[in-house]
Amino acid sequence: MKRILVLGAGGQIGTELVPHLQKHYGYDNVIAADLKPEIVARLSKGARAVTLNALDIESYAKLLKNEKIDTIYNLVALLSATGEKNPQLAWSLNMGALLNSLNLALDNNCSVFTPSSIGAFGENTPHYKTPQDTVMRPNTIYGVCKVSGELLSDYYHTRFGVDTRSVRFPGIISNGALPGGGTTDYAVEVFYEVAKHGRYTCEVPKDTYMDMLYMPDALNAATQVMEADPYKLVHRNSFNVTSMSFTPEQLFTAIKKRVPSFTWDYKVDPVKAQISASWPDCLDDSCAREEWGWNPQWGLDEMIDDMLEACARKVANGEY
Ligand code: SER
């Protein structure tokens, strides 16, 4: 039975990954850690939750030992748009949490999952059906951290035998916790704004394609890659995964088919425009399919129906 630590558990992914892991591995075997006590107070309503600064290696080491942790999900990160506002902080936080996780994993014989991202790619990456192994020259600090993190994680695996695995997440659409500071956030925000105000102003240019995943598929990716037979893995850090790719205009038009009163406009943020233009239009995820059976279940239409219903419910309940 696994003993799992989720670092950065209060974020968009962690909020839903914790209950997903509890369902698979048992409530007591999952510890949710976050930096902020108020977030830990929220998490503690549904999980064993602790306050932890992942950069404080002594407290981090103590927690791993006390809880006999054997698997770390390291979700600590500043995302792409926020990272550009404070690149030094993004580097020290994103890389500091990863380095501590890898070193402590080596000492304590833990497996480590650290998500990479479509942000690891850059302008000179092939944008259509972006291959698993290709040019990776990102021009954001977030992307620089992600490429460095992939390399470092593979290095710890080949040099020290640490069981490191990862996926390159595209934009993740969900209705648990809101994302914060990402370029793909528009594809989540729009659903809340449709439910609340019936209109949305988008900061990403209308014709920019980006890959997306609905959260249930993202959660399965995170657990399936960690359960994969190591002898079948040719790659480790990190696998392309996707289930849909669309532009803002295509998403909004599809929403309008279901909500005819919905209106939208654009107030393009130049940073988000530049970042999104440098990312792939659509990924080739065949290596994930071949090496560990990646098989996403949610397409655009099912995702939209589910998000509209969930966000309408949240707004009706006064949760947003
Ligand atoms: N969702 C992330 C971002 O937009 C990409 O991994 O920054």
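The values are calculated or read from the model by the stated rules, or taken from the named source; none is laboratory data. None of the values given here were measured: they were computed from a predicted structure. Cβ sites come from the backbone with ideal geometry, for glycine too, and all protein chains shown count toward neighbours. Surface areas here come from the heavy atoms of the whole protein model, side chains and all, with no ligands, DNA or RNA. Shrake-Rupley method; radii C 1.70, N 1.55, O 1.52, S 1.80 Å.
Hey, could you check region 147-159 for residues that are more than 13 Å from the ligand (Cβ to nearest atom), free of Cβ contacts under 8 Å to residues at least 60 places away in the same chain and not polar (S, T, N, Q) and say which is surrounded by the fewest Cβ atoms within 10 Å (Cβ to Cβ)? Ranking the qualifying residues of region 147-159, first place goes to 159. If you go through region 173-187 and keep only what is surrounded by fewer than 23 Cβ atoms within 10 Å (Cβ to Cβ) and among the aliphatic types (A, V, I, L, M), you end up with 177, 178. The combined condition, being within 11 Å of the ligand (Cβ to nearest atom) and either over 19 Å from the mean Cα position of the chain (by Cα) or at pLDDT below 95 (or both), is not fulfilled by residue 171. Of all residues in region 64-96, how many are among the small types (Gly, Ala, Ser) and either more than 16 Å from the ligand (Cβ to nearest atom) or open to solvent by 10 Å² or more (accessible area, probe 1.4 Å) (or both)? Result for region 64-96: 4.
Looking for something crowded, with 18+ Cβ neighbours inside 10 Å and without any contact (Cβ under 8 Å) to a residue 60 or more places away in the chain - is there at least one such residue anywhere in region 248-268? There is no residue in region 248-268 that is crowded, with 18+ Cβ neighbours inside 10 Å and without any contact (Cβ under 8 Å) to a residue 60 or more places away in the chain.
When region 125-146 is limited to residues that are outside any helix (DSSP H, G or I) and of a type in the set (A, V, I, L, M), the one that is surrounded by the most Cβ atoms within 10 Å (Cβ to Cβ) turns out to be 136. Being touching a His at 6+ places or on another chain (Cβ under 9 Å) and closer than 25 Å to residue 155 by Cβ is a property that residue 237 has. Using the structure shown, decide if residue 162 is open to solvent by less than 10 Å² (accessible area, probe 1.4 Å), more than 12 Å from the ligand (Cβ to nearest atom) and not in a helix (DSSP H, G or I). Taking the combined requirement at face value, the residue satisfies it. Could you list, in sequence order, the residues of region 226-238 that are in contact with a Ser or Thr (Cβ under 7 Å, 6 or more places away or on another chain) and among the hydrophobic types (A, V, I, L, M, F, W, C)? Once the filter is applied, which keeps residues that are in contact with a Ser or Thr (Cβ under 7 Å, 6 or more places away or on another chain) and among the hydrophobic types (A, V, I, L, M, F, W, C), region 226-238 yields only 226. So for region 98-109 (the condition being part of a helix (DSSP H, G or I) and within 16 Å of the ligand (Cβ to nearest atom)), does at least one residue qualify? Yes - at least one qualifying residue is present in region 98-109. Looking at the structure I just gave you, is residue 209 more than 12 Å from the ligand (Cβ to nearest atom), at pLDDT 95 or above and open to solvent by 10 Å² or more (accessible area, probe 1.4 Å)? Judged against the criteria, residue 209 is a match.
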